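The structure appears below as structure tokens.
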Amino acid sequence: MSDGLKGKVALVTGGAKRIGRSIALRLASLGADVAVNFRSSSGDAEALVKEIEGMGRKSIAIEADVAIKSHVDKVMGVVEKEFGKLDILVNNAGVFFEAKFEELTEEQWDAAQNTNLKAQFLTSQAALPLLRKASGVARGEIKQPSHIVNLASLGGLLAWPAFTHYCVSKAGVIMLTRCLARALGPEILVNAIAPGTIQFPDEAPDEDYIKKVPVHRTGTGDDIADAVEYLVKANFVTGQVMVVDGGRQLV
């Protein structure tokens, strides 16, 4: 436990499970109060809220599909009512599925673009008033910048033919990050994380990945949480894509 983010408020979209859960727990362990957004995993979200509250932090679960503007507006309304501000936005919600290009449907394409990219645009835009309030810019002075961290992917940098829809959406996240860094600085710093293969204890090890990469293992949720921790503490880093892949890009 640490108090490096004491007094801060964070929102993690898609935060109930897997990487989102790891990020939410890390931010809470650093002292932040955490709003956990979920779309369908209500049980997981409520369990996570209880775990965060057990750390002595305030936490709430907010059900919403962040690819829908009216849902996003609701989320920000709840955050403002419950916390009064927002210091850290982690755009983590996403979908990942395989589909051969010649068989890819319009519905599958739209699902990937909406959840992986459009949602990050909508949530970042709707969060601006709260993020600016937290940075102090609304009072004419920037005490400390607020942070947006977008979850991109190694797939936004490498071409995976069976995941064209996914790769395109995550490449969009990378350019969105760069554009927002220029548009929103200096009061809001915007960065992205591009994970490689991240696995959890209940999953069979990806032996091919483990054999190829220099570190000879897949990543964990904590590896991504480490990256988030660095970015939300760094005040001279913006517009960057931190690749967390164990060296996969090298092979």
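Please treat every number below as a calculation from the coordinates, not as lab data. Keep in mind the model is a prediction, meaning the values are calculated, not measured. Note that we place each Cβ from the backbone using ideal geometry, even for glycine, and neighbour counts take in every protein chain shown.
When 1/r is averaged over all different Cα pairs and the result inverted, which Kirkwood radius in Å belongs to the chain? Please list the in-between numbers first.
Numbers: mean 1/r = 0.0549 Å⁻¹.
Taking every pair of different Cα atoms in the chain, averaging 1/r and inverting gives 18.2 Å.
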(request) Starting from segment 137-222, pick out the GluC sites (Glu not before Pro) whose DSSP state is loop and whose Cβ has at most 16 other Cβ atoms within 10 Å. (result) Glu141, Glu203
(request) Any chance you could run the full-extension gain for Ala204 through Ser40? It's 0.36 nm times the residue separation minus the Cα-Cα distance, nm to one decimal. (result) 56.6 nm
(request) Would you please give the residues with an amide H less than 5 Å from that of Leu189, counting only those at least 5 places away or on a separate chain, with H modeled from the backbone geometry? (result) Ser146, His147, Ile148
(message) If I model a spin label at Gln249 and Ala99 as a point 7 Å from the Cα along the Cα→Cβ vector, what separation in nanometres do I get?
(response) 2.8
(request) Quick one: grab the alpha carbon gyration tensor of segment 127-214, order the square roots of its eigenvalues as a ≥ b ≥ c, and give me rounded if a/c is under 1.5, else prolate or oblate depending on whether a/b is larger than b/c. (result) prolate
(request) Measure nothing fancy, just the Cα-based angle from helix 69-83's long axis to the longest principal axis of the chain, in degrees from 0 to 90, nearest 10. (result) 40
(request) Within segment 1-60, report the trypsin sites (Lys or Arg not before Pro) that DSSP leaves as loop and that have at most 14 other Cβ atoms within 10 Å. (result) Lys6
(message) I'd like the trypsin sites (Lys or Arg not before Pro) in segment 117-216 restricted to DSSP loop residues with at most 12 other Cβ atoms within 10 Å, sorted by number.
(response) Lys143
(request) Would you mind checking which residues have amide H under 5 Å from Asp245's amide H? H placed 1.01 Å from N; only 5 or more apart, or other chain. (result) Gly196
(message) Spelling out what I want: for every residue of segment 22-27, take phi, set θ = phi - 60°, compute 6.51 cos²θ - 1.76 cosθ + 1.60 (Karplus), and round to whole Hz; glycine and proline get x.
(response) 4, 5, 4, 5, 5, 4
(request) Relative to the longest principal axis of the C-alpha atoms of the chain, give the angle of the C-alpha long axis of helix 164-184, reported between 0 and 90° and rounded to the nearest 10°. (result) 30
(message) Past 25 Å, Cα to Cα: identify those pairs from Lys170/Lys212; Lys58/Lys143; Lys69/Lys143, in the order given.
(response) Lys69/Lys143
(request) Tabulate in residue order the Karplus-calculated ³J(HN,Hα) for segment 219-234, using 6.51 cos²θ - 1.76 cosθ + 1.60 with θ = phi - 60°, rounded to whole Hz; enter x for Gly and Pro. (result) x, 10, x, 5, 4, 6, 4, 4, 5, 4, 4, 4, 5, 7, 9, 7
